[in-house]
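Visitor: Below is the structure I would like to discuss, written out as structure tokens.
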Amino acid sequence: MDPAITTTTLRRKDVPLAEDEKEELELDTLNAKNAAEEKENDATDQTETLHKEDLGNFILLVILYLLQGVPVGLSFGSIPFLLKEQLSYSQIAVFSLSSWPYSLKFLWSPIVDAVYSPSLGRRKSWIIPIQIMTGFLFLVLGDRIDEIMGAEHIPVYYLTGAFLVTIFFCATQDIAVDGWALTLLSKDSLSYASTAQTIGLNTGYFLSFTVFLALSSPEFSNKYIWSEPQDVGILRLGAYMKFWAFMYFVVTAWLVFMKKETPTHTDEDQLGIKGVYTTIWKICQLPHMRSFIVVLLTAKVGFICHEAVTSLKLLEKGFSKEDLALSVLLDFPLQIFFGYYAAKWSNGPRPLKPWLLAFYGRLFFSAVGMLIVAWYPQEQEIGFFYFGVIMASTVLTSFMSTVQFVSISAFMTSIADPLIGGTYMTLLNTFSNFGGTWPKFFVLEGVDYFTEATCSIKNGVGAEFSCVDEVGASKCKELDGTCHIYKDGYYTAGILCVFVGLVLLLGYIRPMIHHVEGLSKRAWKLNK
């Protein structure tokens, strides 16, 4: 799981300064007194610990983030894998659009921050209705989802629309929970809000992807659970969604009757909705910010094919869903372990240095992923060695992704203007997340576009026909034919992605990263 798709960096108002700030250029509009005050804030941040009185609120944050991770894990993880058996890559590309709201939430985040009921609370005014609507949506989908997924022709647009609304709710709740985290924890425990976010989102994603994929698999259930073979797994998607609908209602009821929200006021309150949007526009107009935004939007092009398509290709080749779930299961604790050390590695004067090194690593393993698919054992069981190669590639790719996520997050936290910290961080995180979202649609479409495949049986007029799309594949299946792939577009799309990524890295991204690292942190602040 890419931390940049399934987590977002918490928005903070107290932003630490880098230790090498004295060596950087300083803006004439700020004097030495401001610099001294900011250094004092930095020293305060470094001593933050989780106090016992904050433990209850910390657990609440973990639960709220977990509830966000559950639909994200379904939309980003399980559903595409379940759909691959019946849909083309172009149709999966359509479903991938359902994840876009999570990457575009800055468009309505000022509204979430500014509009609320004082009697209910700034954050609960959004969290409570959003969780109620998500719960009812899960109930409705839970009644129909198994029938939809088992249909001969899956209504992909209906499914995309349903999960797009779900992810929209999830993204809106994320805005509110991020803002609430700033006041739920005391100042001394504030740094642990990002820890709660990481634990909650990753756990929800893990349950909806790895655990669900394994328990829904007939092969896994027959091997480890059922005493007699069954045609279905022990857990159906409909029952899983209904369970979480119930959990949404339980947590919401507790928030309504048991949890009081302390009234707060932020620096952005004085701006108003129009003022926040104006501020966002001004941030984007900073010359170095425009260049940095281009980096964020293009940095993931090089490895998006590997991370979006390789696993689907392995399933297509015959790799079982339970083995895939097992590889993710083994990878999950390692991500937590690597995340800890990645944070320590990035906590220095050059947080983007490990980001650049991990960039090379992700490009390398994107190329390795194509070799793994190409060398998949044909018509035989995969051996321990091949599974070990897949596992090593999965773990190391996740490690590089985690390093990049933590490093870019540390840099964005250090440059965000503390006077508008929430708006600033939301904007930067949006561009970072969208950089991994927008290419996915085009890459999945490209796989089908570059693929050449025909059915082994000719059509009614005796002519060969393509079986790349769903219509051709269904027709070939009806004729009891076999779809022969002569040119797999996965390799063409993968090579193009790695090549474009390498060119971008050497020609633009690396020079630009060195440039923005050399700027004073004050150069990222708006003129008053």
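The values are calculated or read from the model by the stated rules, or taken from the named source; none is laboratory data. Bear in mind the structure is a predicted one, so any value in this text is a computation, not a measurement. Cβ placement follows ideal geometry from the backbone for every residue including glycine, while neighbour counts extend to all protein chains displayed. Only protein heavy atoms, including side chains, enter the accessible area calculation; ligands, DNA and RNA are left aside. Shrake-Rupley method; radii C 1.70, N 1.55, O 1.52, S 1.80 Å.
Visitor: In whole percent, and with a 1.4 Å probe on the protein chains, what portion of the accessible area of segment 198-239 is carbon and sulfur?
Guide: Details: 1190 of 2070 Å².
After summing per-atom areas, the C and S share lands at 58 percent.
Visitor: What order do 63, 382 take when sorted by accessible area (1.4 Å probe), most exposed first?
Guide: The residues order as 63, 382, largest area first.
Visitor: Treat each spin label as a single point 7 Å out from the Cα along the C-beta direction, and report the residue 186 to residue 449 distance in nm.
Guide: 5.7 nm
Visitor: A further question on this structure: Using R₀ = 56 Å, calculate the FRET efficiency as 1/(1 + (r/R₀)^6) where r is the Cβ-Cβ separation of residue 463 and residue 281; round to 0.05.
Guide: Working from the Cβ atoms, E equals 0.50.
Visitor: State in Å² the accessible area per residue of segment 136-238; use a 1.4 Å probe, count heavy atoms of protein chains only, and round to the nearest integer.
Guide: Here the per-residue accessible area is 42 Å².
Visitor: Could you calculate the contour length gain from residue 389 to residue 262, that is, 0.36 nm times the residue separation minus the distance between their Cα atoms, to one decimal place in nm?
Guide: Once the chain is fully extended between residue 389 and residue 262, it gains 40.6 nm.
Visitor: Ranked by accessible surface with a 1.4 Å probe, highest first, in what order do 445, 478, 452, 316 come? The partial results should precede the final answer.
Guide: Numbers: 445 60, 478 125, 452 105, 316 85 Å².
Reading off the accessible areas and sorting them downward yields 478, 452, 316, 445.
Visitor: Along Cα→Cβ, 7 Å out, is where each label goes; now give me the distance between the ones at residue 374 and residue 291 in nm to one decimal.
Guide: Distance between the two pseudo-spin positions: 3.7 nm.
Visitor: For a label point 7 Å from the Cα of residue 146 along Cα→C-beta, name the residues of segment 231-252 whose backbone N is under 17 Å from it.
Guide: Residues passing the 17 Å test: 231-246.
Visitor: Can you figure out the FRET efficiency of residue 119 with residue 246, using R₀ = 30 Å and their beta-carbon distance, to the nearest 0.05?
Guide: Once the sixth-power term is evaluated, E becomes 0.65.
Visitor: Using a 1.4 Å probe and counting only protein heavy atoms, arrange 149, 241, 258 so the residue with the most accessible area comes first.
Guide: Ranked from most to least accessible, the order is 258, 149, 241.
Visitor: Suppose each label sits 7 Å from its Cα in the direction of the beta carbon; what would the residue 59-residue 223 distance come out to in nanometres?
Guide: 3.6 nm
Visitor: Provide the gained length on full extension for the span residue 107 to residue 495, in nm with one decimal, where the gain is 0.36 nm per separating residue minus the Cα-Cα distance.
Guide: 136.3 nm
Visitor: Count the lysine pairs in segment 352-510 whose Cα atoms sit under 24 Å apart, keeping only pairs 8 or more residues apart in sequence or on different chains.
Guide: 6
Visitor: At 0.36 nm per residue, and after removing the present C-alpha to C-alpha distance, how many nm does the segment from residue 153 to residue 478 gain when stretched out fully?
Guide: 115.7 nm
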